[in-house]
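Below is one structure, written out as structure tokens; comments come after it.
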Amino acid sequence: MATVNKIKNNFAYSFLLISLVWFSFFVIFVIAAQPSINRIPTGCVDSDGDCDVGNINLSDDTYEIVNLKTSPFGWINATEWNQDVPAGNTIDNATLYVEWYSDTEKGAGNIYIGYYNGTDWVNCTAPLGESGTETNTSCDVTTLSLSQLNNIKVRFRGEDLDQRGAAFAYVDYIYIEVNYSAPPLWRDQTTNDTDNVILSKKSINLSAQGYDDVGLDYAWLSTNESGEWKNYTDGTHGSPIDMNDASETWVWSNFTWKNNSFSYGPVGWRIYYNDTWGKENVTGNSTFFVQLGRIPTGCVDSDGDCDVGNINLSDDTYEIVNLKTSPFGWINATEWNQDVPAGNVIDDAILHVLWYTDIGKGAGNIYVGYYNSTDWVNCTSPLSESGSEVDTTCDVSSLSLSQLNNIKVRFRGEDLDQRGAAFAYVGYIYIEVNYSVAGLGYLEVNLSLPPDPYNVIQNNTFIINATVYCRGGNCQNVDGTARYNLSSATPDTSMNVTPGEKPFYVNETPALAMKSCPTNPLNIGDFCNLTWIINATGNINSYWEIDVLFNSSDGGITDNHTDDTTISILDCTVDITAQWSSINFGLLNPSTGPWAAPDNSNDKYNITVNPGSCNLDLYINGTDLTNTTYNSQIGVDNITWSNTSDAAGEFNLSSTVDVIKLDVSKNTNVTTWYWINVPAVYAGYYDGTFYVYGVKNGESPP
């Protein structure tokens, strides 16, 4: 075949230089490169069975010939490719090209270009007619996923419509042009606070690093302070930040969050990045916590010159207290920058006083305390002098909301030697407060017993144990009701309280299906646990759903019930255990007795009716004791037994069954005792067997 070399330049320029002349000024725009590749076949198959991929991977007038007369059509498929789009990128645009021509006036027609998308063959052109000149047919495949594009197969196919002489098509070049790019990357999302907890009206730095191979455009902060995410693009918190088209390098973006109107609670935050091609990425969602910080705005002291600016910030500026003042020197913080909002409850509150004293001048009897609206309370034992700053804390969580909002804090001490004046230096007084919004509470519930599912023997008892927690606010008085499903698939009916009622009744005195929490009223964070003893009287092999429904005396609080547990009521079983396996009377002389079994004195011959068993009647019988050497026997009636320890040999063991005890309930031990009388027999080892039987009460023994 004739070979003509053609060169196609399929690449993206690394920059575009545009010169605009306007009033003799030159404006230069630099456009960052967008990564692109040409995907060229490295493997193919065709309807002739002789596809040479070298004919279709370069636009060089070397063609792969396709006989269109092949039934039902002639075709060539490009199946493998020289390179993939790198992982982690997204497709910006992708175009499939096939360069081809055909014989004319020989019936060539119904020519399609198509591709395999991993599931189906898709024709991306309308049927094409014959073409005597080379045609470059294209298909937009931008909508394919990265995986689909990397695994694509391309097909050229056509038919010989008149079926007279053979019509041929000639395919020169198949390739796919792909432009792609990756979104920005991020790392090292962090704050400048190791605990991620700040006091209200304070600031915190929020940072991360961004990277892009094309060029970072902007970074902006997004926070969630009220249940919704908000992007800041107006300069708030220093957002957005112009990243100056930084490429191929990690760049920090640092924001300073401060919101004086946000007093308490968690704040979610994340940082967005975009690049000069418009691709966007975002960090993970992180959280810091704003803790209500009550800081003094007013103070008085024993010197009469208190400057609150010295004690409302940890800044190495101190209010000086002369401890020689009679009877002691003191400073009181009396007013505060903010209150805990009304309608909330205190979870915990910690008072902090940062201070130090002169050394060797008699400073002592130092106390930190507070006024609770009635009395001054010292919340530390007497402290001694300290030459380095001490953060003394007091737990004031037990104060009511009103008391905490009206608290006064006092630092006081004495000059014990009353020689030269001793001074204390107070640098910072503040109170950290965690509180809960005491809005409408809700009930969180859990059923711990019985497990799901649970089998119970008819006419036996089981325990229902459930717990309710008061969350979100105060819950007032809370009751719990044990229920079962009388008329629906889920529990809908209170447990019966009359003995014998089916399928369940409360087996307690008093019998209550509804019980009140003993810790009522339940405030936020409180819980209570309720227990019922239930007798299962329902039919054997019946199945029931049970739960506990909790409700509050506050009509605004929604009732809540535990998960259901399936109860299966089963027939009882005969279940006994003999707590010994044999009795060895030892070496005994003929014509003597009675001899007691070795463990009679220890009361060890116990028969146990196990948990879950029916009430049983217990029976006993045995066999003669035999010596096989001499074919000698000791009759079974030489063994005597008793079900009381002081009635030695009350009953002779027999080969027929005798009653040990009737109507023995589950979880019961029945103790037995045994003796032997040795008749005049040959000396030797004699062995026999006795049996203990358990049958349901009233049934016949075997």
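The values are calculated or read from the model by the stated rules, or taken from the named source; none is laboratory data. Predicted, not measured: the structure shown is a model, and the values here were computed from it. Cβ sites come from the backbone with ideal geometry, for glycine too, and all protein chains shown count toward neighbours. Accessible surface areas use protein heavy atoms only, side chains included; no ligands, DNA or RNA. Shrake-Rupley method; radii C 1.70, N 1.55, O 1.52, S 1.80 Å.
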- Count, please, the residues in segment 566-599 that happen to be open to solvent by less than 20 Å² (accessible area, probe 1.4 Å) and more than 59 Å from the chain's Cα centre (by Cα). 1
- Picking from SER200, SER181, the residue that is more than 32 Å from the chain's Cα centre (by Cα), crowded, with 19+ Cβ neighbours inside 10 Å, over 26 Å from CYS51 (Cα atoms) and modelled with pLDDT under 90 would be SER181
- Report those strands (runs of 3 or more DSSP E) wholly inside segment 453-500 carrying at least 3 residues which are under 16 Å from ASN551 (Cβ atoms), under 30 Å from the mean Cα position of the chain (by Cα) and touching a residue at least 60 places away in the same chain (Cβ under 8 Å). 460-471, 478-484
- Message: Please return the ranges of strands (runs of 3 or more DSSP E) entirely within segment 226-328 where 1 or more residues are within 30 Å of SER36 (Cβ to Cβ).
- Response: 241-246, 251-257, 265-275, 280-282
- Query: Could we say that ALA648 is among the aliphatic types (A, V, I, L, M), at pLDDT below 90 and within 27 Å of PRO594 (Cα to Cα) here?
  - Reply: yes
- Query: Which residues, taken from segment 120-144, are part of a loop (DSSP other than H, G, I, E, B), in contact (Cβ under 8 Å) with a residue 40 or more places away in the chain and either open to solvent by 70 Å² or more (accessible area, probe 1.4 Å) or hydroxyl-bearing (Ser, Thr, Tyr) (or both)?
  - Reply: THR142
- Message: Could you tell me how many of the residues in segment 458-488 are over 30 Å from LYS201 (Cβ atoms) and open to solvent by less than 30 Å² (accessible area, probe 1.4 Å)?
- Response: 15
- Applying the selection to segment 84-119, what residues are over 19 Å from VAL171 (Cα atoms), open to solvent by less than 50 Å² (accessible area, probe 1.4 Å), in contact with a Leu (Cβ under 8 Å, 6 or more places away or on another chain) and touching a residue at least 60 places away in the same chain (Cβ under 8 Å)? VAL85, ASN89, ILE91, ALA94
- Message: Looking only at segment 507-524, count every residue that is part of a loop (DSSP other than H, G, I, E, B), closer than 18 Å to LEU443 by Cβ and open to solvent by 50 Å² or more (accessible area, probe 1.4 Å) and tell me the total.
- Response: 4
- Note on the structure: When segment 647-680 is checked residue by residue, the ones that are open to solvent by less than 40 Å² (accessible area, probe 1.4 Å) and not in a loop (DSSP other than H, G, I, E, B) are ILE660, VAL664, THR668, VAL670, THR671, TRP673, TYR674, TRP675, ILE676, VAL678
- Note on the structure: In the set VAL377, VAL345, VAL353, the lone residue that is touching a strand residue (DSSP E or B) at 6+ places or on another chain (Cβ under 7 Å), free of Cβ contacts under 8 Å to residues at least 40 places away in the same chain, part of a strand (DSSP E or B) and closer than 30 Å to GLY265 by Cα is VAL377
- Note on the structure: Within segment 525-548, restricting to residues that are in a loop (DSSP other than H, G, I, E, B) and of a type in the set (S, T, N, Q), the one that is surrounded by the most Cβ atoms within 10 Å (Cβ to Cβ) is THR537
- Query: Does ASP193 meet the test of being open to solvent by 30 Å² or more (accessible area, probe 1.4 Å), closer than 30 Å to ARG294 by Cα and either touching a residue at least 12 places away in the same chain (Cβ under 8 Å) or assigned to a strand (DSSP E or B) (or both)?
  - Reply: yes
- Task: Give the number of residues within segment 417-436 that are open to solvent by less than 10 Å² (accessible area, probe 1.4 Å) and not in a strand (DSSP E or B).
- Result: 1
